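Structure, as structure tokens:
The values are calculated or read from the model by the stated rules, or taken from the named source; none is laboratory data. Bear in mind that the values here come from a model prediction, so they are computed numbers and not experimental data. Here the Cβ positions follow ideal geometry from the backbone for every residue, glycine too, while neighbour counts run over all protein chains shown.
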Amino acid sequence: MTTQQNTQNSVAPLRISAGWQATPYSMVFLLFFLIPLGLILMVSFWEFNEYEMIPTFTWHSYISIFEGCTQLNEYGDTCVTLKTYGSTIRISLIVWFITLILGFSVAYFLAFCVRTTAMQTMLFVLCTVPFWTSNVIRMISWIPLLGRNGLVNQSLVGMGLVDQPVEWLLFSEFSVVLAFVHLYTMFMIVPIFNSMMRIDRSLIEAATDNGATAWQTLWNVIIPLSRTGIIIGSIFVITIVMGDFVTIGVMGGQQIASVGKIIQVQTSFLQFPLAAANAVILLLVVLMIIWGLTRLVDIRKEL
Amino acid sequence: MANQNFEPKRPAGYVGLLTVFVLFVIFLYGPMATIFILSFQGPDGGLTFPLQGVSLHWFYKLAEGLGVVDIGAALKRSLVLGLVVMSFTMVMSVLAGLAFRKKLRGGNALFYVTVASLIMPSIIVSLGIGLQFRLLDSALKWCFEYFAMTGMLDTFGTSLGLYSSALGAHLTWTLPFGLLIMFAVFNRFNPAYEEAAQDLGATHWQTFKHVVFPLIAPSVVGVGMFGFTLSWDEIARTSQAIGDVNTLPLELQGLTTTVTNPAIYALGSITTMVSFLVIGLTMLAVKLLSKRRT
């Protein structure tokens, strides 16, 4: 393509239009994103048997997902779907809260406590490098630490703090949350750091000169001005955790339910209409969360 | 922390924040270091400390293969797919980035689709692509039957594959990063250089080749690194959108439940080293390219 342009241009300066330049990029998203999403919506209204999908229009899949959700069963529990959403949302909120506090503190340190730009860049890269390494490896790297005979249990037993090794450290909700924080705090740090670097330092000086305490400056100047970063980071973390099935699978010992895992299991049993209906519901829930968060910012202005 | 008498250059709570930062870095790298050390576990050692001697035993075990899984083949597949995704990501992101600098019809919509793809739960994208290719399979089989192409009907398996569905799935994840990086680059780009080149009679292509591209080259290398490393580690989007073969991270995910010896750490050390190697090479390239510019 480039050589063609070259020969054409040596004859006359020809400007290829923006539309053509964006075509390969747009085609990828049309073919591998928009059409698949449309198909999910379509298939969620289909029927299926053990062998194949049957094109039709029915609400069967949706109805079977919410079967029994209108009342509590004899154990006082709600249906599987609502319970799964409940636990997935709860894990999302816990992870969101921890990554927000941790990510904000780290970003604050990088943006305001490091004096030279070179040092700042180096420490920033130090925080982001693990993002480019394998998630599964980063998950299983907790096994020698948290396992039954892991380093933590060895130390606890050794110090006489516990008699028996602690069981809930690994393959539990604790290890799932820990792994999420380990993997995705970076998604908070980067946007918040980006927002903080845009804050005019004289605003902070002005606040201090006018007698604001450090907390007042933080609360009234820095946090409002980092709002965009906080929201972008929150969207990333919440959507990743809401749709996750890999981390919850590996770190939960394949024992903890999540919405993503339901979809994955149904897909592997070739129950596509059910999986598709679940995907549509998950998408709606995620969209509502994002809608709530994004009404406040224009992402494009922030790059 | 609310100390009003802090020195002008040291913000309040410096010591506390420094502690948090140091602990965070240990938290990030500590576990990784652990499995790196444990991959040199002696032949009698297990999944946890203590080390029973130091050896390359588990790397040899890994080379012999883990059960039925052909690690070498998976590694090669992931490597080649990563390189393909990398080149596609670089070319398409630069082209789209250039397009967005001009008046692009539907640009806003394309931008929103990009952001949507970035934050869309991966399982949904994966399911959608898997579904799409299965429906395509049905359609193709129907066509072969209809036109009585028995030869095709016998040999045709599935259109799901490494370089069809999996490649597409990876691109929906790498391209948004590529485009956002290009946005960040062009937002800070000074158009005076281009205007100067054009005033001096350069064609659009010459301007791009001799002025714009050398200026953005370090960032393009960065986009390439995102492309490769994100593809190299990708699981969620690939999981439902790949046919009979598996990429390395997918094999690895399967192995976490079946392999109970340090060979899995050896595999972890190798894949992490590949990632570090790519990051290191990228930084070197960026440094060299930036130096040439000044």
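Of the residues making up region A:185-194, those that are assigned to a helix (DSSP H, G or I) and crowded, with 23+ Cβ neighbours inside 10 Å are A:MET188, A:ILE189, A:PRO191, A:ILE192, A:PHE193. In region A:173-183 there is at least one residue matching the filter, namely being under 30 Å from B:ARG188 (Cβ atoms), of a type outside the set (Gly, Ala, Ser) and in contact (Cβ under 8 Å) with a residue 24 or more places away in the chain. Listed conditions (1) polar (S, T, N, Q); (2) without any contact (Cβ under 8 Å) to a residue 60 or more places away in the chain; (3) within 27 Å of A:LEU146 (Cβ to Cβ) are all met by A:SER258, apart from (2). Per the conditions (1) away from chain B (no Cβ under 14 Å); (2) under 24 Å from A:ILE199 (Cα atoms), the sole criterion not satisfied by A:TRP59 is (2). Restricting region B:269-293 to residues that are within 10 Å of chain A (Cβ to nearest Cβ) and hydroxyl-bearing (Ser, Thr, Tyr), the residue that is farthest from A:ILE137 (Cα to Cα) is B:THR282. Residue count for region A:221-260 satisfying the condition of being more than 15 Å from the chain's Cα centre (by Cα) and of a type outside the set (Gly, Ala, Ser): 12. A:GLY253 meets the stated requirement of being within 9 Å of chain B (Cβ to nearest Cβ), closer than 24 Å to B:PHE27 by Cα and in contact (Cβ under 8 Å) with a residue 60 or more places away in the chain.
Across region B:33-64, the number of residues qualifying as surrounded by fewer than 19 Cβ atoms within 10 Å (Cβ to Cβ) and assigned to a helix (DSSP H, G or I) comes to 8. The listed residues are B:PRO218, B:PRO214, B:PRO262, and the only one of them that is under 22 Å from B:MET283 (Cβ atoms), in contact with a Leu (Cβ under 9 Å, 6 or more places away or on another chain), buried (at least 17 other Cβ atoms within 10 Å of the Cβ) and in contact (Cβ under 8 Å) with a residue 24 or more places away in the chain turns out to be B:PRO218. The residue that is nearest to the other protein chains (Cβ to nearest Cβ), counting only those in region B:218-268 that are closer than 18 Å to B:THR89 by Cβ and more than 15 Å from the chain's Cα centre (by Cα), is B:ALA241.
Out of A:PHE245, A:PHE236, one residue alone is closer than 30 Å to A:ALA276 by Cα, among the aromatic types (Phe, Trp, Tyr), facing another protein chain (nearest Cβ under 9 Å) and without any contact (Cβ under 8 Å) to a residue 24 or more places away in the chain. It is A:PHE245. Per this entry, A:PHE32 is not counted among residues that are modelled with pLDDT of 90 or more, surrounded by 16 or more Cβ atoms within 10 Å (Cβ to Cβ) and more than 10 Å from chain B (Cβ to nearest Cβ). The condition of being assigned to a helix (DSSP H, G or I) and at the interface with chain A (Cβ under 10 Å from one of its Cβ atoms) holds for only one of B:LEU104, B:LEU140, B:LEU131, B:LEU153, that being B:LEU131.
Considering each of A:LEU270, A:LEU303, A:LEU218 in turn, give the residue that is on the phi > 0 side of the Ramachandran plot, within 10 Å of chain B (Cβ to nearest Cβ) and modelled with pLDDT under 90. Just a single option satisfies the conditions, and that option is A:LEU270. Does B:SER39 count as more than 9 Å from every other protein chain (Cβ to nearest Cβ), under 27 Å from the mean Cα position of the chain (by Cα), closer than 30 Å to B:ALA166 by Cα and modelled with pLDDT of 80 or more? Judged against the criteria, B:SER39 is not a match. Can you name the condition, by its number, that B:LEU110 falls short on among (1) facing chain A (nearest Cβ under 8 Å); (2) assigned to a loop (DSSP other than H, G, I, E, B)? The one condition B:LEU110 does not meet is (2).
Annotation: of all residues in region A:67-119 being of a type in the set (Lys, Arg) and assigned to a helix (DSSP H, G or I), the one that is nearest to the other protein chains (Cβ to nearest Cβ) is A:ARG90.
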